[in-house]
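The values are calculated or read from the model by the stated rules, or taken from the named source; none is laboratory data. What you see is a predicted model; the values in this text were computed from it and never measured. Heads up, the Cβs are rebuilt from the backbone with ideal geometry, glycines too, and the neighbour counts pull from every protein chain shown. All accessible areas refer to the heavy atoms of the entire protein, side chains included, with ligands and DNA or RNA removed. Shrake-Rupley method; radii C 1.70, N 1.55, O 1.52, S 1.80 Å.
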Amino acid sequence: MIKNSDTQLLASRSQWFIPLLLLLSLIILLLGLSMPVMRMQQLVFWKEDFTILHGVGALLSQGDYLLGTILFLFSICFPVLKLSALLYLWFRPLTQMQRQQALDWLHRLSKWSMLDVFVIAILIVLSKSGAGFKIEPRIGLYLFAIAVIASSLLTSWVSKVANKSKRLRD
């Protein structure tokens, strides 16, 4: 059992903006997931905008369960859960060891969050080869990338605040 004297809150008056930045990142992430990330155009006849949510739905409905599940987990679930977990870690009294283990785990997994951005970037580069189709980035891609980068930076920031808090207690 955790003794009350062993636990600590990270929330303090001097860092009130961290939870606000986490909430802002979560809002930007949700916008990025629901807005078009790319527009595909084949010749002049066919154009379609794609969102990450649409892509997951399309993959699952076409029977590509493995790829659809991977995209769902790493593009939707993990980024949302990561930001939610950071908020939880910010406000929940935990021991330093519990908090550090959770932050280390989140930091290691955060590297996979940029996978979508890289895949779309590769598609855009391939479309420039003149293969009869064109892919253009859309606002959702930029919002998603901003949210993922902000999430990664905020994870590091919360980790530094936790380490500083530990040093002040010791």
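The residues of region 80-98 that are under 16 Å from S152 (Cα atoms) and surrounded by 14 or more Cβ atoms within 10 Å (Cβ to Cβ), listed by number, are V80, L81, K82, L83, A85, L86, L87, L89, W90. Scanning region 58-79 for residues being open to solvent by less than 40 Å² (accessible area, probe 1.4 Å) and farther than 13 Å from W112 by Cα gives a total of 4. Only one entry of F78, F74 meets the criterion of being among the aromatic types (F, W, Y) and either modelled with pLDDT under 85 or closer than 30 Å to Q42 by Cα (or both), and that entry is F74. Counting only residues that are touching an Asp or Glu at 6+ places or on another chain (Cβ under 8 Å), at pLDDT 90 or above and either hydrophobic (A, V, I, L, M, F, W, C) or on the phi > 0 side of the Ramachandran plot (or both), region 32-61 holds 0 of them.
Has region 42-57 got at least one residue that is among the small types (G, A, S), touching a Phe, Trp or Tyr at 6+ places or on another chain (Cβ under 7 Å) and open to solvent by less than 60 Å² (accessible area, probe 1.4 Å)?
no
Of the numbered criteria (1) under 18 Å from the mean Cα position of the chain (by Cα); (2) modelled with pLDDT under 85, the one S127 fails is (1).
Any residue in region 144-166 that is over 20 Å from L26 (Cβ atoms), out of contact with any Cys (no Cβ under 7 Å at 6 or more places or on another chain) and modelled with pLDDT under 75? Among the residues of region 144-166, at least one is over 20 Å from L26 (Cβ atoms), out of contact with any Cys (no Cβ under 7 Å at 6 or more places or on another chain) and modelled with pLDDT under 75, which makes the answer yes.
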